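Please read the structure below before turning to the comments.
Read-outs throughout are calculated quantities, based only on the coordinates presented, and are distinct from any laboratory measurement. Model, not experiment: these values are computed from the prediction. Cβ placement follows ideal geometry from the backbone for every residue including glycine, while neighbour counts extend to all protein chains displayed.
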Amino acid sequence: MVVTAKIVKNIKSNTKGLGVAPLTDRNGLCQLDDEIFISLAKIHASSFEKQWPAIGFKNMFRPPDGRKTHYRAMLMVKKNLLIGFVIFLKMVDEAEIISMAIAPNCRGKGFGHILLTKSIELIKAEAIKKVFLEVNIQNIAAIKTYEQANFEQISIRKGYYKSKAGVKADALIYAKSL
Ligand SMILES: CC(C)(COP(=O)(O)OP(=O)(O)OC[C@H]1O[C@@H](n2cnc3c(N)ncnc32)[C@H](O)[C@@H]1OP(=O)(O)O)[C@@H](O)C(=O)NCCC(=O)NCCS
């Protein structure tokens, strides 16, 4: 599946055209225009059974009451096209990865690994000392990506996930000290 992605020109890329940059800066301010939320929703919809609408992303990063957000998004572009994201929720000196995805046509090429590694460097610069996440035990690609980045499994939540078809699966809880 090819996801129509937004052209993001203000993210610096390396010689291979790959770039990773925060959508929200360390003060919780959102850097890019509204179209980005539509693109995030498209990549999310192509990656997960449960969809998040563009307005959900917008409310997360530009809260309607004008508050600063505690969410941080790291975006990945290839040749100026948005191909992936990681979303962290910052809680004082800890953070939780609440979502991560690479557009389906770009998976299995090492981009998830690069995005996660670079995102962790960026979140570390915000004085985050520990990052947590949960992942479906059946999601081998994600588990490999997190373990490759030295996340360690710390616990398991039995039957935590339930698919639309009603099938239950365990959640693995991972953590990484920065
Ligand atoms: C999880 C995800 C972000 C990984 O991104 P990616 O760009 O495909 O990952 P990479 O190519 O960097 O691969 C990272 C590791 O995972 C492994 N991997 C990737 N896809 C795999 C697959 N389908 N099956 C088994 N291993 C896989 C790679 O081999 C690599 O491990 P290795 O170097 O030890 O061999 C991507 O698959 C995705 O968006 N999935 C759908 C959304 C999702 O599940 N998000 C995570 C929710 S917790």
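Some notes on this structure:
- Of the DSSP H helices in the chain, those with a Cα length along their own long axis of 18 Å or more and a mean Kyte-Doolittle hydropathy reaching -1.0 comprise 111-124.
- At R0 = 22 Å, FRET efficiency that the Cβ-Cβ distance of Val167 and Ser46 yields, to 0.05: 0.60
- Global geometry of the chain, whether rounded, prolate or oblate, following the gyration tensor of its Cα atoms and the 1.5 cut on a/c: rounded
- Here the scattering of segment 73-130 is modelled by Debye summation over its C-alpha atoms, one equal scatterer each and no solvent; at q = 0.29 Å⁻¹ the log10 of I(q)/I(0) is -1.19.
- Peptides 140-150, 155-165, 81-91, 61-71 ordered by packing proxy, namely the average of other Cβ atoms within 10 Å per residue, highest first: 81-91, 140-150, 61-71, 155-165.
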